[in-house]
Amino acid sequence: MPHSDTWIVLHGHASTLILEVVPGEAPLWCYWGARLPDGVTPAAVLRSTRPTPSFSPDFDQPFSLVPGLGQGWFGEPGLRAHRQGRDWTFQATDCAVEQSGQQVAVTLTDVAAKIAVTARLSLDPHSDVLTVSTTLTNQGHAPLDVQWLAAAVLPLPDHARTVRSFSGRHNTEFVAVEDQLTRSQWRRENRRGLTSHDCVPGAVVLADGCAYGAQLAWSGNHCQFIDWVDDGRWQWQLGEALMPGEISLAPGECLTSPEVLATCAADANGVAQNFHAAIRARMDWPGAAMRPRPVHLNTWEGFYFDHDEAALKDLADAAARAGIERFVLDDGWFHRRNDDTSSLGDWWPDDVKYPRGLGPLADYVTSLGMEFGLWVEPEMINPNSELYRAHPDWALQVAGRPLITARNQLVLDMGRDEVRDYLYERLAGLLNELPIGYLKWDHNRDLTAAGERPSFRRQVLGAYGLLARLRRDFPAVEIEACAGGGGRIDAGIARYTHRFWTSDNIDAVSRVAIQRGYLQFFPPELMGSHVGAAPAHATGRIQTMRFRNHVALPGHFGVELDLRKLGEHDLERLGEGIARYKALRDRLHRGQVWQGAGADGLLWQAHGTAEALVLMITRIDPQTQRHAPGLRLPMLDATRRYRIGETEYAGAWLVQHGLALPPLRGEDGLVLEVTAL
Ligand code: GLA
């Protein structure tokens, strides 16, 4: 379908974007915001009507889809590349626009620099998520060194005020940080070689009357910044952070960026809902559709490395009795793996702990009606391993530099075919021999000197390639992405996986904030949330089973403790928690999510649809007021009536005045079902 001559217009359900097409130039950003009526276009074209300010170049260069360098645009460029110091400026001399429905490809060619850049945009009318990626082609006769290629360059309006991003560390993921947007650049860059615990590759920008969100679908280094544009707007760029010399494109070679998912909605909840819809649409489930998320038992905190087949069978018995549906054997099962100092790479069962292999335990688990899952950490190698003794050169290293270990381990060079083939053979062998329905795929360290030449990108592509090969050959197996808890949670790896391990911290109080941050970007059915032991291993704090159940409820529910040690009272409460999760999981995991805060520290989240919601109310600290004010529920329809428990309410009352709540103690919660009448 041809685009209109002057404008590229894409409408979503609630958002619109407009670019001005200028022959021979990069299209100019005119608008990205709330839905405009069909047919509304800018009142004037930017190219020929914008006055030239004093002491400025006579050629005016407004903010474009791919801002250039050195040709009259003084803001951040969308591309930094050169051929040994030459051909460093970029300005399109030709522009070809292809539009087909909601998809647009804009190819910009610079005949002087011999570079072509294709930006692909596609706005999904259902989720209102714009997917953007960029391809750079070296059309010259010499290699092109690339320092930066924005995956997306997005416009933010002059009324953008605050950026909410997420920081953290191991055991404390998704710490929300709010920064005021000023004329100084806002920037977050991650050089840890994987998604990272401390730099979520996305953010939410709060503007007057609306919110914007963007996230990079990539599991490696990344960078995003928001920079003031001197027409009062802002530009938001996201892309892969490239290390010096990492990308040199041979003549004719291309570099395609990861995708950015971006959206504009009424508020941060709208942004989350749109992201959830877009990620759901990208999922590749076994059997093409998500089945109800099975209740997990994970052996890690209950057993650590101390595997004993008879004890694990007892655990399986207890798990089956408690209503658990999937039994995941975590770290500690493979050759000589008795602590974290050895054996990564030696992916065969330890013959001391499992003299007859894993078959008897796996068969026992499946005979009880549970699925059997297994933990692996394929990209890693311990110096103390058979694999390292055979192939010391397979570990990423730089000659003359020390091998920097983390948790006593090094990282395999996933760019090498023989490394990926070895891992494939080992994993495929296990998947062929055992009734494995699930892999927990870990990555427990950051990358340091990743190769003689920086090969961070190769590393990510190598891991994706191995995952894709296993998914193709074992399509029924689900995979969980884990990296020391939540170090690899992103929309890139979500293409190959089916669950995120949100955090190694399963203290229910800590989990409240972690999970709220997570839900800004990813849907609840992918959020691993476990009931752990009391005291919690990560913090030493003790919480009631009721509260632990409450906090684990909205995600993909699991249990991570030695069930054999639970007292009768806790076992009964846990059974109630599991039964409630099973009863509600379809509604928790298939609808929309709203989150908010009431007065006096009360937190709430609602999952479901306009017709039927599961409302979860959480109090961490004890109430400070004698009488709690009503909890206002802004997501309800003021014109309808609702039933909550036995009582009927006018929607307007719940929206404007709020729901009266019984007193809640500290570390307590309520789950209510809200049904529209
Ligand atoms: C990481 C994971 C844990 C567990 C251990 C095993 O820390 O996040 O859940 O699997 O590794 O070593």
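The values are calculated or read from the model by the stated rules, or taken from the named source; none is laboratory data. Predicted model, so just to flag it, every value in this text is computed and none were measured. Cβ sites come from the backbone with ideal geometry, for glycine too, and all protein chains shown count toward neighbours. Accessible surface areas use protein heavy atoms only, side chains included; no ligands, DNA or RNA. Shrake-Rupley method; radii C 1.70, N 1.55, O 1.52, S 1.80 Å.
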Note to self: Let me spell it out: the conditions are (1) in contact (Cβ under 8 Å) with a residue 24 or more places away in the chain; (2) assigned to a loop (DSSP other than H, G, I, E, B), and G540 meets all of them except one. Which number is the exception?
What the structure shows: (1)
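Given the structure, is G669 under 16 Å from V512 (Cβ atoms) and surrounded by 13 or more Cβ atoms within 10 Å (Cβ to Cβ)?
yes
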Margin query: So in region 402-420, with the set limited to residues that are away from the ligand (no atom under 16 Å from the Cβ) and either small (G, A, S) or open to solvent by less than 70 Å² (accessible area, probe 1.4 Å) (or both), which one is farthest from R499 (Cα to Cα)?
Written below: R416
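How many residues are assigned to a strand (DSSP E or B) and surrounded by fewer than 21 Cβ atoms within 10 Å (Cβ to Cβ) when one looks only at region 603-613? Walk me through it before giving the result.
Taking region 603-613 and keeping what is assigned to a strand (DSSP E or B), we get 603-608, 612-613.
Pick out the ones that are also surrounded by fewer than 21 Cβ atoms within 10 Å (Cβ to Cβ) and you get 603, 612.
Matching residues across region 603-613 total 2.
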Notebook entry, point to check: Going through region 378-389 one residue at a time, which ones are surrounded by 22 or more Cβ atoms within 10 Å (Cβ to Cβ) and part of a loop (DSSP other than H, G, I, E, B)?
Noted result: P378, E379, N382, S385
Note to self: I'd like to check which strands (runs of 3 or more DSSP E) are fully inside region 252-369 and have at least 3 residues that are modelled with pLDDT of 95 or more and buried (at least 22 other Cβ atoms within 10 Å of the Cβ).
What the structure shows: 259-265, 296-298, 326-329
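Quickly run through region 297-322 and pick out the residues that are small (G, A, S) and within 16 Å of the ligand (Cβ to nearest atom).
Taking region 297-322 as the starting set, the residues that turn out to be small (G, A, S) are 302, 310-311, 316, 318-320, 322.
If the condition is that a residue be small (G, A, S) and within 16 Å of the ligand (Cβ to nearest atom), then G302 is the only one that fits.
State yes or no: is L447 at pLDDT 95 or above and outside any loop (DSSP other than H, G, I, E, B)? I'd like the intermediate steps shown before the answer.
Details: at pLDDT 95 or above: yes; outside any loop (DSSP other than H, G, I, E, B): no.
It is false that L447 is at pLDDT 95 or above and outside any loop (DSSP other than H, G, I, E, B).
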Next item on the list: Out of G451, G437, report the one residue that is surrounded by 18 or more Cβ atoms within 10 Å (Cβ to Cβ) and in contact with a Leu (Cβ under 6 Å, 6 or more places away or on another chain).
Entry: G451
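Please find, among E560, E525, the residue that is within 15 Å of the ligand (Cβ to nearest atom), open to solvent by less than 10 Å² (accessible area, probe 1.4 Å) and modelled with pLDDT of 95 or more.
E560
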Checklist line | L430 vs. criteria surrounded by 14 or more Cβ atoms within 10 Å (Cβ to Cβ) and within 16 Å of the ligand (Cβ to nearest atom) | finding: no
Item checked: Output for region 338-381, where each listed residue is within 14 Å of the ligand (Cβ to nearest atom) and polar (S, T, N, Q) -> N338, T341, S342, S343
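Given the criteria out of contact with any Cys (no Cβ under 7 Å at 6 or more places or on another chain), open to solvent by 10 Å² or more (accessible area, probe 1.4 Å) and within 16 Å of the ligand (Cβ to nearest atom), does T539 qualify?
When the stated conditions are applied, T539 passes them.
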Check: For residues in region 489-514 being open to solvent by less than 10 Å² (accessible area, probe 1.4 Å) and among the charged types (D, E, K, R), which is nearest to A262 (Cα to Cα)?
Finding: D490
Notebook entry, point to check: Going through region 296-349 one residue at a time, which ones are among the polar types (S, T, N, Q) and farther than 18 Å from G532 by Cα?
Noted result: N338, T341, S342, S343
Note to self: Looking at region 442-452, can you tell me whether even one residue there is of a type outside the set (G, A, S), touching a residue at least 60 places away in the same chain (Cβ under 8 Å), within 16 Å of the ligand (Cβ to nearest atom) and under 30 Å from G369 (Cβ atoms)?
What the structure shows: yes
Margin query: With the requirement that a residue be within 12 Å of L154 (Cα to Cα) and open to solvent by 10 Å² or more (accessible area, probe 1.4 Å), what does region 204-227 give you?
Written below: D227
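Considering only residues that are assigned to a helix (DSSP H, G or I) and either within 28 Å of L238 (Cα to Cα) or within 12 Å of the ligand (Cβ to nearest atom) (or both), which ones fall in region 492-510?
Pass one, region 492-510, residues assigned to a helix (DSSP H, G or I): 493-495, 508-510.
Result: I493, A494, R495.
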Note to self: Within region 160-195, take every residue that is in a loop (DSSP other than H, G, I, E, B) and of a type in the set (K, R) and give me the one that is most open to solvent (accessible area, probe 1.4 Å).
What the structure shows: R183
Check: Can you name every residue in region 326-337 that is among the aliphatic types (A, V, I, L, M) and either near the ligand (Cβ under 9 Å from one of its atoms) or in contact (Cβ under 8 Å) with a residue 60 or more places away in the chain (or both)?
Finding: V328
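Yes/no per residue for (1) touching a Pro at 6+ places or on another chain (Cβ under 7 Å); (2) within 28 Å of A552 (Cα to Cα):
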{"residue": "L423", "(1), (2)": "yes, no"}
{"residue": "E433", "(1), (2)": "no, no"}
{"residue": "I489", "(1), (2)": "no, yes"}
{"residue": "Y496", "(1), (2)": "no, yes"}
{"residue": "D504", "(1), (2)": "no, yes"}
Check: Would you pick out the residues in region 99-134 that are touching a residue at least 40 places away in the same chain (Cβ under 8 Å) and surrounded by fewer than 17 Cβ atoms within 10 Å (Cβ to Cβ)?
Finding: S100, G101, Q102, P125, H126
Next item on the list: Please go through region 390-437 and pick out each residue that is under 17 Å from A463 (Cα atoms) and among the acidic types (D, E).
Entry: D413, D417, E418, D421, E425
